[in-house]
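Novice: Just passing along the structure, written as structure tokens.
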Amino acid sequence: MQLEGICKVHSGIGMEYQYGEFYIDRDYLVFEQNYGYKMGKRHTYPLQGLENIALIPENNQVYLTFSCEKICFEIAGTEEKLYTFYEALRTGQGLQKIEGTPQPKRSRYTTHHQYFFSK
């Protein structure tokens, strides 16, 4: 399962809206920003480093919020889509174990992955 759409990202430099996809790959939360024309940027966050994971109902909509280090994310969507992703983030398990759907294969890893794999 992938969550796709616009999310709010709060960091030390301010708040901005970013479009992309969230999914879990091994022990990492992956956020791929899509700029269009198959261009984008891939960010990875260790699942163990995620904090303040919560589902917040507000104004007839549900928000999934979580943070990693100094970056906070807020994703809006329906309760059905966000609840399974919320449970996967809370338990630290991949979504393959929960839903049985295969995740997309990635052939290359970022330096962030290589650093944690070398440990």
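Novice: Tell me the chymotrypsin sites (Phe, Trp or Tyr not before Pro) within segment 1-59 that lie in a loop according to DSSP and have at most 11 other beta-carbon atoms within 10 Å.
Specialist: Counting only loop positions with at most 11 other Cβ atoms within 10 Å, the chymotrypsin sites (Phe, Trp or Tyr not before Pro) in segment 1-59 are Tyr37.
Novice: Then there is this: Under a point spin-label approximation (7 Å from Cα along Cα-to-Cβ), what is the His10-Asn59 distance to one decimal in nm?
Specialist: 1.5
Novice: What does the charge count near Glu21 come to, summing +1 for each Lys or Arg and -1 for each Asp or Glu among other residues with Cβ under 9 Å from its Cβ?
Specialist: Residues close to Glu21 contribute a combined charge of -2.
Throughout, read-outs are computed from the coordinates displayed, never taken from laboratory work. Not measured: the values here are computed from a predicted model. Using ideal geometry, Cβ is built from the backbone for each residue, glycine included, and neighbour counts are taken over all protein chains shown.
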